[in-house]
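A.B. asks: Encoded as structure tokens, here's the structure I'll be asking about.
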Amino acid sequence: MLSAQDMQEAEAHGRAVKAVYVYEAPVRLWHWINALAITLLAITGWFIASPLPSQPGEASANFLMGYIRFAHFSAGYVLLIGFLGRIYWAFVGNHHARQLFVLPIFNASWWREVLFELRWYLFLEKRPKKYVGHNPLAQLAMFLLFLTTVAFMIITGFALYGEGTQEGSWAHTLFTSWVIPLFGQSQNVHTWHHLGLWVIIVFVLVHVYAALREDIMSRQSLVSTMLSGWRMFKDDKP
Ligand code: HEM
Ligand code: HEM
């Protein structure tokens, strides 16, 4: 719903509350770079786990898995640097930039809105509510399914990567040295890192479905908001 702060924001832009500037350029840029990196990581990770059947010819003439792993590690760096940049922007950006990181869990009305959105998504409510930032259910899903999983994938991914770059490398010092002993052995880290792939896939499937569904049904712009930054509100049906 439009909070007092949102109304002020809209009025500061000299408009009736029809459009509010929500996602600043760094958040939008990060969103799409992050989505691309994750798509690449999921595809290449899949092939690392289930490699293609053997290649014909001399082994030394083939480097296909090497290229696949190189793409995975490069996208891994993009994910890490983007993630750090996004955390920085949560401190210096507008208040919507902090939504991904902070859940108002002690606010009872926020929980009521989470339940309302759940009913709305299940087609049990007739009229959508309007939100300037993320709706509470989306915020909860982004925190639990996206934020924590991506942090986990970065930690376990760089722990595995540090095994290759070996002792003395930053990845080994920062991650491998404590993550592998914590999980017991390297194969366990592989298995948990692999499980993370499926959590991310479930998030992306639900996320894209919800973004498109809300764009059509909730009387406010969604996809174009992540492109232009502006949330447009359509008139309510009589
Ligand atoms: C790997 C794919 C994707 C991932 C991991 C992802 C992740 C995220 C995250 C974390 C946010 C919160 C942004 C923030 O607060 O900083 C977000 C917002 C959003 N995403 Fe994605 N996204 C992906 C793909 C897509 C695609 C393909 C679409 C378009 C169909 C899309 C549409 C949106 C929209 C519209 C929002 C803003 C929702 C709102 O205004 O409440 N995303 N996404
Ligand atoms: C959304 C993020 C990510 C996804 C979905 C993903 C997916 C995967 C999958 C499915 C595997 C195969 C695991 C197995 O069954 O053995 C894998 C392996 C691996 N990933 Fe990731 N990963 C992600 C992020 C990262 C990051 C940030 C890094 C850091 C560089 C990384 C480094 C590695 C390494 C080193 C391996 C093992 C390669 C090998 O044994 O040949 N991953 N990843």
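Only the coordinates and a few stated rules stand behind these numbers; no lab work does. Keep in mind that what you see is a predicted model, and the values were worked out from it rather than measured. Note that we place each Cβ from the backbone using ideal geometry, even for glycine, and neighbour counts take in every protein chain shown.
A.B. asks: Rounding to the nearest 10 and keeping the result within 0 to 90°, find how far the Cα-based axis of helix 25-49 lies from the longest principal axis of the chain.
C.D. replies: Relative to the chain, helix 25-49 is tipped by roughly 40 degrees.
A.B. asks: Next question, about the same structure. Based on the mean of other Cβ atoms within 10 Å per residue, sort peptides 62-69, 18-25 so the most packed one is first. Each step should come with its number before you reach the end.
C.D. replies: Details: 62-69: 13.1, 18-25: 18.1.
In descending order of packing, they fall as 18-25, 62-69.
A.B. asks: When SER50, SER177 are ordered from fewest to most other Cβ atoms inside 10 Å of their Cβ, what list results?
C.D. replies: On the way: SER50 7, SER177 13.
Least crowded to most crowded, the residues run SER50, SER177.
A.B. asks: Using the Karplus equation 6.51 cos²θ - 1.76 cosθ + 1.60 (θ = phi - 60°), what ³J(HN,Hα) coupling, rounded to whole Hz, does each residue of segment 114-126 give in order, writing x for Gly and Pro?
C.D. replies: These are the phi-based 3J(HN,Hα) values: 4, 5, 4, 5, 4, 5, 4, 5, 8, 6, 9, 10, 8 Hz.
A.B. asks: Still on this structure, I have one more. Could you please state, rounded to a whole Å, how far the C-alpha centre of segment 19-36 is from the C-alpha centre of segment 183-227?
C.D. replies: 16 Å
A.B. asks: Could you tell me which of rounded, prolate or oblate describes the chain, using a ≥ b ≥ c as the square roots of the eigenvalues of the alpha-carbon gyration tensor, with rounded for a/c under 1.5 and, failing that, prolate when a/b is larger than b/c and oblate otherwise? Could the numbers behind the result be given before it?
C.D. replies: Values: a/c = 2.28, a/b = 2.10, b/c = 1.09.
Prolate.
A.B. asks: While we're here: Which ³J(HN,Hα) values, rounded to whole Hz and listed in residue order, are derived for segment 226-232 from phi using the Karplus coefficients 6.51, -1.76 and 1.60 in 6.51 cos²θ - 1.76 cosθ + 1.60 with θ = phi - 60°, glycine and proline given as x?
C.D. replies: Along segment 226-232, the couplings run 7, 9, 9, x, 8, 9, 9 Hz.
A.B. asks: Can I ask one more? Which ³J(HN,Hα) values, rounded to whole Hz and listed in residue order, are derived for segment 74-80 from phi using the Karplus coefficients 6.51, -1.76 and 1.60 in 6.51 cos²θ - 1.76 cosθ + 1.60 with θ = phi - 60°, glycine and proline given as x?
C.D. replies: Values, residue by residue: 5, 5, x, 5, 4, 4, 5 Hz.
A.B. asks: Go ahead and estimate [θ] at 222 nm for the chain from helices alone: -39,500 (n - 2.57) per DSSP H run with n ≥ 4, summed, over the residue count, rounded to 500. Mind dumping the intermediate values first?
C.D. replies: Working: 9 runs with 144 residues, N = 238.
Calculated from helices alone, the mean residue ellipticity at 222 nm is -20000 deg cm²/dmol.
A.B. asks: Within 10 Å of each residue's Cβ, count the other Cβ atoms and sort ILE180, ILE43 from fewest upward. Provide the component values of the computation, followed by the final result.
C.D. replies: On the way: ILE180 20, ILE43 13.
Listed from fewest to most nearby Cβ atoms, that is ILE43, ILE180.
A.B. asks: Name the residues whose placed amide hydrogens come within less than 5 Å of the amide hydrogen of VAL22, ignoring near sequence neighbours (fewer than 5 apart) on the same chain.
C.D. replies: Counting only residues 5 or more places away or on other chains, the set is TRP230, ARG231.
A.B. asks: Between helix 186-217 and the chain, what is the angle of the helix's C-alpha long axis to the longest principal axis, kept within 0 to 90° and rounded to the nearest 10?
C.D. replies: 30 degrees
A.B. asks: Taking amide H positions as placed in the peptide plane 1.01 Å from N, state which residues far from GLN220 in sequence (5 or more) or on other chains have amide H under 5 Å from it.
C.D. replies: Distant-sequence amide H within range of GLN220: LYS234.
A.B. asks: Could you line up SER218, SER60 from fewest to most neighbouring Cβ atoms inside 10 Å?
C.D. replies: On the way: SER218 20, SER60 6.
Lowest to highest Cβ neighbour count: SER60, SER218.
A.B. asks: May I pose another question? Testing the spin-label approximation: label points 7 Å from Cα along Cα→Cβ at TYR77 and LEU29. State their distance in nm.
C.D. replies: About 1.9 nm separates the two model spin labels.
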